[in-house]
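A.B. asks: Mind having a look at this structure? Questions to follow.
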Amino acid sequence: YETENRISQQESGQLRNTGTDHEANVVQGTYSYAGPDGVTYTVNYIADENGFRASGDHLPTPPPVPAAIQRSLEINAGSRSGYSATEAFTASEPSRQYLTPHSFQRTAGYHY
């Protein structure tokens, strides 16, 4: 539909995986409207088993993932990305020395 004040919308839907345990309604569409600045804004969307996702040139997008965090994600993913935590980091051997409670020093009024 389209209104006199330049709002328009289109939408279609379907049932995905009919007759299975994974049936899901899928709706996709678009709507447009004239903003107060006179610019026409358009939003495209899809709603399915993964939630509602909208996109449009005027909508904010997340910043890129920093390289160090991306590398950490790849390492954590393990075999899926070709990295493993044991290859990326080497753990030092744990100390085999037992310290008695009396071997700790007292500092700043705290007792260890």
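The values are calculated or read from the model by the stated rules, or taken from the named source; none is laboratory data. Small disclaimer: the values here were computed from a predicted structure and weren't measured. Every residue, glycine as well, gets a Cβ built from its backbone with ideal geometry; the counts of neighbours run over all protein chains shown. Calculation scope for accessible area: heavy atoms of the full protein, side chains included, ligands and nucleic acids excluded. Shrake-Rupley method; radii C 1.70, N 1.55, O 1.52, S 1.80 Å.
A.B. asks: Once you have the Cα-Cα distance between Ile46 and Ser32, take 0.36 nm times their residue separation minus that, and quote the gain in nm to one decimal.
C.D. replies: Between Ile46 and Ser32, full extension yields 3.5 nm more.
A.B. asks: Now for a different question. With a probe of 1.4 Å, find how much accessible area region 2-76 has per residue, and write the answer as a whole number in Å². Show your work: numbers first, answer last.
C.D. replies: Details: 5780 Å² over 75 residues.
Solvent-accessible surface per residue comes out at 77 Å².
A.B. asks: Now a separate question. Which order do peptides 3-13, 61-71 fall in by mean Cβ count within 10 Å, highest first?
C.D. replies: Highest to lowest by the protection proxy: 3-13, 61-71.
A.B. asks: Just in region 1-80: which chymotrypsin sites (Phe, Trp or Tyr not before Pro) are loop by DSSP and have at most 14 other Cβ atoms within 10 Å?
C.D. replies: Those that pass, being in a loop and sparsely packed, are Tyr1.
A.B. asks: Taking the Cα atoms of region 2-76, what is the range of coordinates along each of the three principal axes, in descending order and whole Å?
C.D. replies: Here the spans come out as 55, 43, 9 Å, largest first.
A.B. asks: Probe radius 1.4 Å, ligands and nucleic acids ignored: give me the carbon and sulfur share of the accessible area of region 2-76 as a rounded percent.
C.D. replies: C and S atoms contribute 52 percent here.
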